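**Student:** Please read through the structure below; I'll follow up with questions.
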Amino acid sequence: MRARVIFGGLLLVVVVLVFQVVRKEQVLAHGTSVLLELAPVDPRSLMQGDYMVLDYAVSREARLADDSGSGPKEGRLVLQLDENGVGRFVRHDAPGTPLAPGELLLRYKVRGHRVRLGAESFFFQEGHAERYEQAKYGELRVAGDGSSVLVGLRDAGRQPL
């Protein structure tokens with residue numbers, strides 16, 4: 001009986017992990033490519049190796065739009081894509097409000113007075129920090145429901161790094 005419970009729990013964990021991987025792969029395969037202007041911070045961690053903490057312009061704009069500070073702790077931002085695929089903050093999503101052409105949703109959570117998009121760290125091979133210091137945009141794939149996956153960084157000319 002005890003072995004069944006252990007194996008059942010293990011099977012449940014594996015199923016949940018596979019489900020999450022499949023969901024992210026679907027976003028990568030079918031999501032809309034969006035570039036978000038960023039401000040990289042702190043390109044090194046002794047415990048984790050070389051990486052960059054990413055702070056997005058849309059995160060700052062969304063935080064400023066909620067001047068009361070008492071807004072929801074999670075939700076979706078509405079972004080407008082320009083002709084270069086760069087997303088600009090328009091408003092916080094309100095249920096029942098339709099999206100205009102060229103707009104899309106992006107999920108967020110507020111943690112410690114910061115609007116987080118779930119893609120705030122970019123890890124890279126040790127010794128490649130100089131290459132990524134030029135980053136001006138984060139490239140995300142965004143699904144219709146607003147979930148996203150960070151796929152890379154881009155330079156000022158919007159070219160992949």
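The values are calculated or read from the model by the stated rules, or taken from the named source; none is laboratory data. Quantities reported herein were computed from a predicted structural model and do not represent experimental measurements. Glycine gets a Cβ as well: all are built from the backbone with ideal geometry, and neighbour counts include every protein chain shown. Protein only, heavy atoms only, side chains kept; ligands, DNA and RNA dropped before computing areas. Shrake-Rupley method; radii C 1.70, N 1.55, O 1.52, S 1.80 Å.
**Student:** Could you tell me whether Gly152 is surrounded by 17 or more Cβ atoms within 10 Å (Cβ to Cβ), out of contact with any Cys (no Cβ under 7 Å at 6 or more places or on another chain) and assigned to a strand (DSSP E or B)?
**Tutor:** Against the criterion (surrounded by 17 or more Cβ atoms within 10 Å (Cβ to Cβ), out of contact with any Cys (no Cβ under 7 Å at 6 or more places or on another chain) and assigned to a strand (DSSP E or B)), Gly152 does not qualify.
**Student:** May I ask you to list the residues in region 83-97 that are of a type in the set (S, T, N, Q) and either closer than 17 Å to Val58 by Cα or in contact with a Cys (Cβ under 6 Å, 6 or more places away or on another chain) (or both)?
**Tutor:** Listed by number, the list holds a single entry, Asn84.
**Student:** Search region 60-106 for residues being modelled with pLDDT of 90 or more and β-branched (Val, Ile, Thr), and hand back the single one that is most open to solvent (accessible area, probe 1.4 Å).
**Tutor:** Among them, the one singled out is Val90.
**Student:** Would you pick out the residues in region 119-145 that are open to solvent by 100 Å² or more (accessible area, probe 1.4 Å) and among the hydrophobic types (A, V, I, L, M, F, W, C)?
**Tutor:** Of everything in region 119-145, just one residue is open to solvent by 100 Å² or more (accessible area, probe 1.4 Å) and among the hydrophobic types (A, V, I, L, M, F, W, C), namely Phe123.
**Student:** In addition: Got at least one residue in region 126-144 being over 20 Å from Asp50 (Cα atoms) and in a loop (DSSP other than H, G, I, E, B)?
**Tutor:** Checked region 126-144: at least one residue is over 20 Å from Asp50 (Cα atoms) and in a loop (DSSP other than H, G, I, E, B).
**Student:** Report whether or not Asp55 is at pLDDT below 80, acidic (Asp, Glu), in contact with a strand residue (DSSP E or B) (Cβ under 8 Å, 6 or more places away or on another chain) and not in a loop (DSSP other than H, G, I, E, B). Steps first, answer last, please.
**Tutor:** Details: at pLDDT below 80: no; acidic (Asp, Glu): yes; in contact with a strand residue (DSSP E or B) (Cβ under 8 Å, 6 or more places away or on another chain): yes; not in a loop (DSSP other than H, G, I, E, B): yes.
Criteria not met by Asp55.
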